[in-house]
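Step one of this worksheet: look at the structure below.
Computed from the coordinates by the stated procedures, all read-outs in this text should not be read as laboratory data. Quick caveat: nothing in here was measured; it's all calculated off a predicted structure. Please note: Cβ atoms are built from the backbone with ideal geometry, for glycine as well, and neighbour counts cover all protein chains shown.
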Amino acid sequence: LQEDVAKISAALVEALARFRMDSRIVQLADREIPDARQRINHVVNLTEEAAHKTLDLIERSVPLAEQTAKGAASLAADVGQAVDPRVAGFLADAQVNCDAVRRNLTEVMLAQGFQDLTGQILRGVSNLIGDVEQVLAHLMEISGVTDSEREKSLAALDDPKRLEGPAVPGVKGSAV
């Protein structure tokens, strides 16, 4: 039992030493994981804003289409055959087209349900990334990685040719 504990202890010490020396883990814990989490949260927020705006516009447009269809139908019934056939044809087309627009807007509104599902999935991924970030930070703390060692590791891994991507609030970068 003592031999096994000694082997496990030696393996743990060796693993922590390797962890301390692996600058890729430092980069993941200090930059890439927080960056990924912030980017996912930004995407979720942008998607939610766009979905709400779309739904608001649909809710304002459906009554307009219904009102126009009813108005065209009422006017067509009132004028009957006493008007130019082009006017009667236009009124009939306006009613049919407005009904189609209303149906299409309803379909768009139903399709927006994807946002809620994708938002839930992305928030779950973001929470998982946050958990991994905490574990890596704790491992760096246990292994004794100092701030100066972290900075050296990160500076050595910086790639000046790396593309930063779009600007995301909370993510430091040189990109516009």
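The stretch between Asp84 and Ala137, if pulled fully straight at 0.36 nm per residue, gains 11.2 nm over its current Cα-Cα span.
Here the range 1-139 is treated as a sphere whose radius is the Kirkwood value from Cα pairs; by Stokes-Einstein at 25 °C and 0.890 mPa s it diffuses with a coefficient of 119 µm²/s.
When only Cα pairs below 8 angstrom with a gap of at least 6 residues are kept, the range 61-148 shows a relative contact order of 31 percent. Using R0 = 30 Å, the C-beta based FRET efficiency linking Val13 and Arg123 works out to 0.20.
On full extension, the segment bounded by Ala6 and Glu48 gains 9.8 nm, given 0.36 nm per residue less the C-alpha separation.
Considering only alpha-carbon pairs that sit under 8 angstrom and 6 or more positions apart, the relative contact order computed for the range 1-114 is 27 percent.
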